[in-house]
Amino acid sequence: MPRRAPEAALAAAEDPAEIHAIHDETTQVAPVEAGEESSSGVKSARRTIDLLETFAANPAWTSLADLHARTGFPRSSLHGLLRTLRDAGWIETDTGGTRFRLGVRALICGTAHYARLSAGQVVYLETRESRHSHHLVSRVGRTLPAYATSLGKALLSELTEDELTTMLPAQLPPLTENTITTRDMLRDQLGAVRERGFAFEHEEGTHGVACVAAVIPYRIPATDALSVSMPAGQATEAEVQRIGELLAGVADELSSRLRRAGIR
């Protein structure tokens, strides 16, 4: 029986296992497409960027058929790009392996912050702003009250009741109308942080900005944390949960690396 061309085979495939088998077969040797600048890979780079921007514009799970319709890329090329981006952590697949969305690496390469707790303040040690950000709220060396930031709440959740009482006054000066203003209110929030494994704040430190954070547990109690900021309008419950879980996983991985390197 004659073999089907890769494009026809992929178009006809419905079972995930069949799709993966065809993909493996067609991507073992990647042919140079017409017009491809093979020495520099310019077309591949451009397609990779276009594909990532397609994901960024649609954070929901997206099927191969939808991606093909939106990008117009040949299915065989699309399969190769998806596999490469998945292996590098830029995208992730659902349990069936048939739908895709942005992954951890793309998340952390957005608007991300690394900070340390110091005397009731968070000190920004490193920050990487998304090129789409309109709220440049932190710079290296800047400090903000810990109770008004997700970074600070994540780190304050590591403290004992006595340590919290010593560090913060009973009344907390607000930064915005959404900032919590009492230590008792903060205690309730810190309990929720401990339960879910990450912290969240919505326009408490800066208007229009929401933030999710997780501690890096290479020290006990943790002194450092990672966060990701986003426009407040995008901070749906589902999106906050997704980002929080991803961020907690990244923080745990970073913690393991630091410990293996002997950093305490």
* Unique residue being modelled with pLDDT under 85 and either over 19 Å from the mean Cα position of the chain (by Cα) or assigned to a helix (DSSP H, G or I) (or both) when the list is Ala106, Ala60 -> Ala106
* Among the listed residues Ala30, Ala12, Ala17, which satisfies the condition of being over 24 Å from Gly103 (Cα atoms), at pLDDT below 50 and loosely packed, with under 12 Cβ neighbours inside 10 Å? -> Ala12
* Would region 150-163 turn up any residue that is within 20 Å of the chain's Cα centre (by Cα), at pLDDT 95 or above and hydroxyl-bearing (Ser, Thr, Tyr)? -> yes
* Structure fact -> The residue from Val228, Val215 that alone is in contact with a Gly (Cβ under 7 Å, 6 or more places away or on another chain), closer than 30 Å to Arg260 by Cα and not acidic (Asp, Glu) is Val228
* Does Asp87 satisfy being within 27 Å of Glu253 (Cα to Cα), at pLDDT 75 or above and outside the structural domain of Glu245 (by TED's automatic domain parsing)? -> yes
* Sort through Leu186, Leu226, Leu175 and tell me the only one that's more than 24 Å from Ala57 (Cβ to Cβ), in contact with a helix residue (DSSP H, G or I) (Cβ under 6 Å, 6 or more places away or on another chain) and at pLDDT 95 or above. => Leu186
* To do: List every residue pair whose Cβ atoms lie under 7 Å apart, where the two residues are 6 or more positions apart in sequence or sit on different chains, the first residue falls within region 115-135 and is under 17 Å from Ser229 (Cβ atoms) and in a loop (DSSP other than H, G, I, E, B), and the second residue, located anywhere, is at pLDDT 60 or above and among the small types (Gly, Ala, Ser).
  => His135/Gly208
* Asked: Out of the residues in region 112-145 that are at pLDDT 80 or above, of a type in the set (A, V, I, L, M) and in contact with a Phe, Trp or Tyr (Cβ under 9 Å, 6 or more places away or on another chain), which is surrounded by the most Cβ atoms within 10 Å (Cβ to Cβ)?
  -> Ala115
* What number of residues within region 188-200 are more than 12 Å from Gly244 (Cβ to Cβ) and surrounded by 14 or more Cβ atoms within 10 Å (Cβ to Cβ)? -> 2
* **Members of region 239-264 found to be outside any helix (DSSP H, G or I) and surrounded by 11 or more Cβ atoms within 10 Å (Cβ to Cβ), listed by number** => none
* Are there any pairs with C-beta distances below 7 angstrom linking a residue in region 205-222 that is surrounded by fewer than 24 Cβ atoms within 10 Å (Cβ to Cβ) to a residue that is modelled with pLDDT of 90 or more and of a type in the set (Val, Ile, Thr), with the two at least 6 apart or on different chains, and if so which? -> His207/Thr176; Ala222/Val215; Ala222/Ile216
* Structure fact -> Here the qualifying pairs (Cβ atoms under 6 Å; residues six or more apart or on different chains; first in region 144-172 and farther than 19 Å from Val215 by Cα; second part of a loop (DSSP other than H, G, I, E, B) and among the polar types (S, T, N, Q)) come out as Leu172/Thr181
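The values are calculated or read from the model by the stated rules, or taken from the named source; none is laboratory data. Worth saying up front: this structure is predicted, and the values here are computed from it rather than measured. Cβ: placed from backbone, ideal geometry, glycine included. Neighbour counts: every protein chain shown.
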